[in-house]
Amino acid sequence: MPASTQLDFDGDFERAIADWRERHKLPEEDAVLLLIELFRIHQQHWDELRRREIPSFDSFRADLTQLAETMRTFQGQSAALLDLLKKLPSTHLAARITRTAAFFAALTSLLAGYLFGRAWP
């Protein structure tokens with residue numbers, strides 16, 4: 001979250017405590033306020049421990065950003081390749097045999113069959 005849009009939780013908490021103190025007319029040295037302050041110290045301690053133990057997601061976020069950019073590039077290049085392939089003439093046409101070639105092949109096979117039949121009685 002950018003610094004300008006981050007929420008001020010500490011300030012909100014302080015204002016809520018001040019409003020609560022005003023509403024219930026509690027003095028500054030009241031035991032409840034001391035317990036709240038002790039809780040804040042405890043919470044800050046555990047927050048700091050969690051920050052040290054949990055790895056930062058900045059490198060993960062950078063990797064995701066790089067992956068998204070790579071995917072956009074890949075999709076653009078794939079679309080360009082598909083457009084180019086659609087424009088090329090079709091090369092998978094079946095091989096065509098002319099009537100002349102078929103006639104000579106049939107004639108040759110008949111002649112070969114006749115000769116084999118004469119050679120092996």
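The values are calculated or read from the model by the stated rules, or taken from the named source; none is laboratory data. For clarity, every value in this text was computed on a predicted model and none was experimentally measured. Cβ coordinates were reconstructed from backbone atoms using ideal geometry, including for glycine residues, and neighbour counts include every protein chain displayed. Remember, those area values only see protein heavy atoms, side chains included, never the ligands or the DNA or RNA. Shrake-Rupley method; radii C 1.70, N 1.55, O 1.52, S 1.80 Å.
Observations, loosely collected:
- Per residue accessible area of the chain, 1.4 Å probe, in Å²: 96 Å²
- Cα-based values for the chain, radius of gyration first and Dmax second, are 42.2, 128 Å.
- Apportionment of accessible area to carbon and sulfur, the chain, percent (1.4 Å): 64 percent
- Amide H contacts of Asp30 (H built 1.01 Å from N, under 5 Å, at least 5 apart or other chain): none
- Using Cβ point charges alone (K and R +1, D and E -1), the dipole size of segment 1-74 about the Cα centre works out to roughly 280 debye.
- Debye intensity ratio I(q)/I(0), log10, segment 21-74, q values 0.17, 0.26 Å⁻¹ (C-alpha model): -0.70, -0.95
- Degrees, to the nearest 10: 58-87 long Cα axis against longest axis of the chain: 30 degrees
- With contributions of -39500 (n - 2.57) from each DSSP H run of at least four residues, the per-residue ellipticity at 222 nm computed over the chain stands at -26000 deg cm²/dmol.
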